[in-house]
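Here the structure comes first, spelled out in structure tokens, and everything after it is commentary.
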Amino acid sequence: MIRVIIIGLGPIGIGAARAVLQDKDLQLVGLVDVDPKKIGKRLAESGSDIQGGPRISGSISDAVAHGAGVAIVTTTSKFDQIIPTLRELMGHQIHVVSSCEEMSWPRYLYPDLTKQIDDEAKRAGVALLGTGVNPGFVMDYLPVVLSSMVTHVTSVKVGRYVDASTRRQPLQAKVGATMTVEQFNRLARQGKIGHMGIAESVAMLAAGLGREEKRGEVKVTLDAVVADREIPSLLGPIKLGQVCGMRNTARWSGDGLTIDLDLVMALGTKDPRDVIEIGGRVPLKLQIHGGTPGDSATVASLANFARVLPRCTPGLKTMLDVPVAGAQQKQ
């Protein structure tokens, strides 16, 4: 039985709590959130339909008072902002799996900090992992796995086309739903809107194919997708001409390999799907019709890797370092 705490009780954290409670191999022993309205309550008392589980704590030290082996952390997308949480958990010798996008390949933006945290994790005897659907699977890890069926790759193209109308409200807000194009572009210039982690996906994919890129070499674009009709959303109706989502692309080329990633997350996207194309002497193409369901798959990844981390060697890991985590939940 692996004792688990969850830090951050937004939609993904609550989903992870449900998954842990349903898994006979995992035991939910602690919940942490900074919202004073939630502290001291159980999940069912703070707006969730989940029955059972511990009361919500306002600090990690309170949540781990009865012991914990793994923490699921869903608090931030930025690696430098998650560092205090990682250090506190390492101080309690607790493994960490997180949905932090930059943590999927932190050495791209933070090579020195990555080495520092890796050394600290080794000294603490724990494994740390950033994972999820994207980054963490569809646009990086899965293409690397597919490429293992050939011996030579010259190009990788990955397209992920998501109908954001099926996703949670925070994601619809993150992709700019109901904004004007001017509002979207202003926030994009400030780095305050859009998906995070596409450059990290390129870096992980390049590394998995034996290449290495440096910070700034990945060319990233972010553009608004504009509604051509009125579309309902969890933020209110999106009018004709307003933003209904975003398109995020990334490209890198070097050492005989070109990587192109194309991510569209918009309400009303037609034919949602994930497409991976491997170019070379033996080309391969994989398509997931309907696409990998982002919210439930992120939760599944966090819960499944909570089971894997105690078996890993210590250090700051990536998806290229850890064993495959199959769906082993038993009803």
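The values are calculated or read from the model by the stated rules, or taken from the named source; none is laboratory data. Bear in mind the structure is a predicted one, so any value in this text is a computation, not a measurement. Reconstructed Cβ throughout: ideal geometry from the backbone, glycine too, with neighbour counts over all protein chains shown.
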Kindly indicate which of T249, T269, T313 is surrounded by 15 or more Cβ atoms within 10 Å (Cβ to Cβ), closer than 30 Å to I72 by Cβ, of a type outside the set (A, V, I, L, M, F, W, C) and touching an Asp or Glu at 6+ places or on another chain (Cβ under 9 Å).
-> T269
If we keep only residues of the range 118-172 that are assigned to a loop (DSSP other than H, G, I, E, B) and polar (S, T, N, Q), then the residue farthest from L309 (Cα to Cα) is T154
Tally time: how many residues in the range 1-39 are assigned to a loop (DSSP other than H, G, I, E, B) and out of contact with any strand residue (DSSP E or B) (no Cβ under 7 Å at 6 or more places or on another chain)?
-> 8
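Go through the range 173-187 and count every residue that is assigned to a helix (DSSP H, G or I) and either without any contact (Cβ under 8 Å) to a residue 60 or more places away in the chain or in contact with a helix residue (DSSP H, G or I) (Cβ under 7 Å, 6 or more places away or on another chain) (or both). Lay out the reasoning, then the answer.
At the first step, the residues of the range 173-187 found to be assigned to a helix (DSSP H, G or I) are 173-174, 181-187.
So of that shortlist, the ones also either without any contact (Cβ under 8 Å) to a residue 60 or more places away in the chain or in contact with a helix residue (DSSP H, G or I) (Cβ under 7 Å, 6 or more places away or on another chain) (or both) come out as 174, 182, 185-187.
Here the count works out to 5.
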What number of residues within the range 219-251 are of a type in the set (A, V, I, L, M) and in contact (Cβ under 8 Å) with a residue 60 or more places away in the chain?
-> 6
Among the residues of the range 125-150, write down those that are free of Cβ contacts under 8 Å to residues at least 60 places away in the same chain and polar (S, T, N, Q).
-> S148
Which condition breaks for G208 when tested against (1) under 19 Å from the mean Cα position of the chain (by Cα); (2) within 19 Å of A164 (Cα to Cα); (3) surrounded by fewer than 21 Cβ atoms within 10 Å (Cβ to Cβ)?
-> (2)
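Conditions (1) outside the structural domain of H92 (by TED's automatic domain parsing); (2) farther than 24 Å from M90 by Cβ; (3) at pLDDT 95 or above, marked per residue:
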{"position": "L28", "(1), (2), (3)": "no, no, yes"}
{"position": "V32", "(1), (2), (3)": "no, no, yes"}
{"position": "D35", "(1), (2), (3)": "no, yes, no"}
{"position": "R42", "(1), (2), (3)": "no, yes, no"}
{"position": "E45", "(1), (2), (3)": "no, yes, no"}
{"position": "A65", "(1), (2), (3)": "no, no, no"}
{"position": "G69", "(1), (2), (3)": "no, no, yes"}
{"position": "V73", "(1), (2), (3)": "no, no, yes"}
{"position": "S77", "(1), (2), (3)": "no, no, no"}
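Could you check how many residues of the range 160-170 are crowded, with 18+ Cβ neighbours inside 10 Å and either of a type in the set (G, A, S) or at pLDDT 85 or above (or both)?
Let us first name the residues in the range 160-170 that are crowded, with 18+ Cβ neighbours inside 10 Å, namely 160-165, 167.
Subsequent filtering for residues that are either of a type in the set (G, A, S) or at pLDDT 85 or above (or both) retains 160-165.
Here the count works out to 6.
What do you reckon, is A177 over 29 Å from L286 (Cβ atoms) and not acidic (D, E)?
Values: over 29 Å from L286 (Cβ atoms): yes; not acidic (D, E): yes.
Spelling it out, A177 is indeed over 29 Å from L286 (Cβ atoms) and not acidic (D, E).
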Any chance the range 98-119 includes a residue that's under 28 Å from M1 (Cβ atoms), over 21 Å from the mean Cα position of the chain (by Cα) and either at pLDDT 95 or above or hydrophobic (A, V, I, L, M, F, W, C) (or both)?
-> no
All-but-one check, F305 against (1) in contact with a strand residue (DSSP E or B) (Cβ under 6 Å, 6 or more places away or on another chain); (2) farther than 20 Å from E102 by Cβ, failing number (2)
